[in-house]
Structure formats: C-alpha cells, structure tokens
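Single-structure report; data block below.
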C-alpha cells in the first residue's frame, strides 16, 4: 500500500500520465481512502492551472512595432 | 479540428497580414518567448533569437497546420533558434545538481512517523486560477518565486505548464531524460504550491 509520503512524489506523474498501470491503480486506491491526498492532488492541479494563467512576461511598450518593423520591413507602422 | 475557433480566426487574419492581428500576436507572446530564450542562451542573445523567430514564424505561418496551439508552435521555433545558437557557441543547456535538490521542499515535513499526513490539509480560499489570481499580490508573489526557481526547473515549468510542450520536447531542449524533466517539473510545482499555501495561511508573500 502507498503511503501519503509516496503520494507527495507521485503527484506530477499522476497528473501528467506518467504512471504505469500498477502505479496508477495503487494511486487511485490510495486516493479513494485518503481525503488529505485528494486535497493535495487538487492543490497540485490548481497550482499547475494557476501557473498556466500567470501573465509573467509582458511584452514591453514599443516592442510590437519593433518586431513588426523587422518582419514586414516594406510596410508602414502598424495601425 | 484541433485549433480553437478564436485562434483559427486569428490565423486567418494573420494570413491576410492584417496589421492589427499581427500586432496582437506579437503583443500576446513576445515577452514570454523572450523569457524562454533568455533562460536558455542568456540576456545578450535572447533578443536576436526571438526577433529571428518572429521572422521565421510569419514566413512559415501558411504552413501552420494547427496540430498544436500557436503558443506551442511559436515556442518550438524559439527553442530551435536557441538550440542552434548554443551549438554555434559550443555550449550545452546544462542541468545543475541544484535543479534536482529536494532540500526544504514544501510539505515534505508534514508527515508523521508512519508516512501519513500529520494534520489535515487546509483547503484554499479559491477553487479556480481566476479566484486565486484575483488577488494581485498572490500573482506577483508567484511571479517572483517562479523567477527564483533554479534555471532548469523554471524552464521545465514554463515549457510544460505555460507553453504546453510535450515531455519529450522539453527533454530534448534540456538535453536530459523525460524522467529528469518530470522530477524538475515536480520540484518546481511543489515549490509554487508551497507559495500559494503560505500565502493562504499568512496572507503575505
């Protein structure tokens, strides 16, 4: 039987289909009986989705014109 | 049909070279693409690589088949450019020992002697990214901690969770195995989970 400590390490593999069939079965069985590990997996999943929504790397003012000027040198400024 | 309707509409407008659509695409992705290039080749060369990638992308756009999102496709073009630059410089995208270190990992101290949680996990105040990121402070806090991750962990997280690349592509990019990418990604995710946990608990970064 898996312990909760094992589940801590298996979280990403579980969410990203990285477990083989016996491992997946063991994780699912553990999740059925362990509310804390269900909460942990839910938090990990929400962390992944939240990181995906971060707007960490804003395009700086002026860069758009610079890039378009290089891509379409023959054209005028963007609208 | 693999591309979403909005993106298909954008692609149609891009193919007609509508300037507003082209500007929208660059505005949406340039900052992120530069961050990926920076993490691989450093500040000095990142800008040129991303500019060249944009030229290549607009040229190749008529051949874009929509098998992935535009975001993922653009990231791949930047990665190719960055890897060519590394080869030219005879450098490798090294993964350091620090990247695999699991010291002070969040939650690792939360188990009792039998390997089970020592106390119940407290739920967060929101169930969706929108609810969590509604607090600008938390978004800023996550940004800060993301930048502080070891380079290979940061790249694994950006390329997988923000850009949607496959593990095999990330492994190729970092010149390591898929298993190692999963370890790097898990370390990065757990650290950011710890950041949210702490913010939820004490209300500050």
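How do B:59, B:191 rank when sorted from fewest to most other Cβ atoms within 10 Å of their own Cβ?
Ascending Cβ contact count within 10 Å gives the list B:59, B:191.
In plain terms, the residue of B:205, B:173 with the fewest other Cβ atoms within 10 Å comes first and the most crowded comes last, giving B:205, B:173. Here B:182, B:160, A:60 are placed in order of increasing Cβ neighbour count within 10 Å, fewest first, which gives A:60, B:182, B:160. Taking all Cα pairs closer than 8 Å and separated by 6 or more residues, the relative contact order of chain B comes to 21 percent.
Name the residues of the stretch B:128-164 whose amide N is less than 19 Å from a point 7 angstrom out from the Cα of residue B:177 along the C-beta direction? Flagged as within label range: B:152-153, B:156.
Taking A:15, A:32, A:68 as the candidate residues, the one with maximal mean-square fluctuation in a Gaussian network model of chain A, Cα springs under 10 Å, is A:68. Here the stretch B:131-205 and the stretch A:1-35 have alpha carbon centers that stand 21 Å from each other.
Nearest 10 degrees is fine. How inclined is helix B:5-15 to the longest principal axis of chain B, computing both from alpha carbons? Here the helix axis deviates by roughly 40 degrees.
Remark: mean inter-chain Cβ contacts per residue of B:181-187 equal 4, using a 10 Å Cβ-Cβ cutoff to other protein chain atoms.
For the protein assembly as shown, the equivalent ellipsoid derived from the Cα gyration tensor has semi-axes of 37, 20, 18 Å, listed largest first. Taking the C-alpha atoms only, the angle from helix A:21-33 to the longest principal axis of chain A is near 70 degrees.
Assuming a ≥ b ≥ c are the square roots of the Cα gyration tensor eigenvalues, decide whether the stretch A:4-57 counts as rounded (a/c under 1.5), prolate (otherwise, with a/b larger than b/c) or oblate. Prolate. For the stretch B:1-86, the average shadow cast by the Cα convex hull is 5.3 nm², which is a quarter of the hull's surface. Of the Cα atoms belonging to chain B, the radius of gyration and Dmax stand at 19.3, 64 Å. Highest mean first, the peptides B:72-80, B:112-120 sorted by other C-beta atoms within 10 Å per residue fall in the order B:72-80, B:112-120. Comparing B:194, B:164, B:81 in a Gaussian network model of chain B (Cα springs below 10 Å), the most mobile by mean-square fluctuation is B:194. Legend: mean number of C-beta atoms from other chains within 10 angstrom of residue C-beta atoms, peptide B:55-62, equals 2.
Every number in this text was worked out from the coordinates using simple rules, so none of it is lab data. Keep in mind the model is a prediction, meaning the values are calculated, not measured. Cβ coordinates were reconstructed from backbone atoms using ideal geometry, including for glycine residues, and neighbour counts include every protein chain displayed.
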